[in-house]
Amino acid sequence: MHAKVFISHASTDTWVARQLALQIEACGAETFLDAADIQHGDDFDEKLRDAADTSSEQLVLLTPWAMNRPYVWLEIGAFWIAKKRIVVVLHGLTRDDVAASKFLPVALKRLDFVNLNDIDSYFHQLKERIDSSSTHA
């Protein structure tokens, strides 16, 4: 398995998303982060589609700002349709906030979310998946 993590976030959360990307790369995975990987003059939508196709999983930084961003939902839909892993990281929201939202699809609410303060558990699991796939390759 080629580990590449597509990071979905609101532009307001770019700094936090960049910090997550650094930690994901330290685990041995590549990342796709629009602010870092899409250059001026690129076809934004085409770059997103290509990155979603070549990514093994998605990390969604779900914040109050991200909840209202159409591209975040479009990206989640692409990963859901492709049956790829979607990891939702809550920042500025609680599980109760998410459960109470009438706009979140039930399929997303069923996922095991991780709070940003507990993100090390995700990094540990990601590293295990990467190590496991390299021993089976």
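The values are calculated or read from the model by the stated rules, or taken from the named source; none is laboratory data. This one's a predicted model, so the numbers in the text were calculated from it and none came from an experiment. Every residue, glycine as well, gets a Cβ built from its backbone with ideal geometry; the counts of neighbours run over all protein chains shown.
In this structure, Gln58 does satisfy being in a strand (DSSP E or B), under 24 Å from Asp131 (Cβ atoms) and in contact with an Asp or Glu (Cβ under 9 Å, 6 or more places away or on another chain). For segment 85-113, the set of residues classified as within 20 Å of Cys27 (Cα to Cα) and free of Cβ contacts under 8 Å to residues at least 60 places away in the same chain consists of Arg85, Ile86, Val87, Val88, Phe113, listed by residue number. The number of residues in segment 67-95 that are at pLDDT 90 or above, farther than 21 Å from Thr12 by Cβ, among the charged types (D, E, K, R) and outside any strand (DSSP E or B) comes to 2. Of all residues in segment 114-132, those that are without any contact (Cβ under 8 Å) to a residue 12 or more places away in the chain have Cβ atoms under 7 Å from Cβ atoms of residues that are of a type in the set (Val, Ile, Thr) and not in a helix (DSSP H, G or I), 6 or more apart or on another chain, in Ser121/Val114. Exactly one residue among Gln23, Gln58 is surrounded by 13 or more Cβ atoms within 10 Å (Cβ to Cβ), within 10 Å of the chain's Cα centre (by Cα), modelled with pLDDT of 95 or more and not charged (D, E, K, R), and that residue is Gln58. In segment 73-100, which residues are more than 18 Å from Ser55 (Cβ to Cβ) and surrounded by 14 or more Cβ atoms within 10 Å (Cβ to Cβ)? Result: Leu90, His91, Gly92, Leu93, Asp97, Val98. Candidates Thr63, Thr31, Thr14: the one that is buried (at least 18 other Cβ atoms within 10 Å of the Cβ) and farther than 23 Å from Arg129 by Cβ is Thr63. Inspect segment 125-137 for any residue being on the phi > 0 side of the Ramachandran plot and loosely packed, with under 13 Cβ neighbours inside 10 Å and give the result as yes or no. No.
Has segment 29-49 got any residue that is touching a residue at least 60 places away in the same chain (Cβ under 8 Å) and within 18 Å of Ile119 (Cβ to Cβ)? Yes, some residue in segment 29-49 is touching a residue at least 60 places away in the same chain (Cβ under 8 Å) and within 18 Å of Ile119 (Cβ to Cβ).
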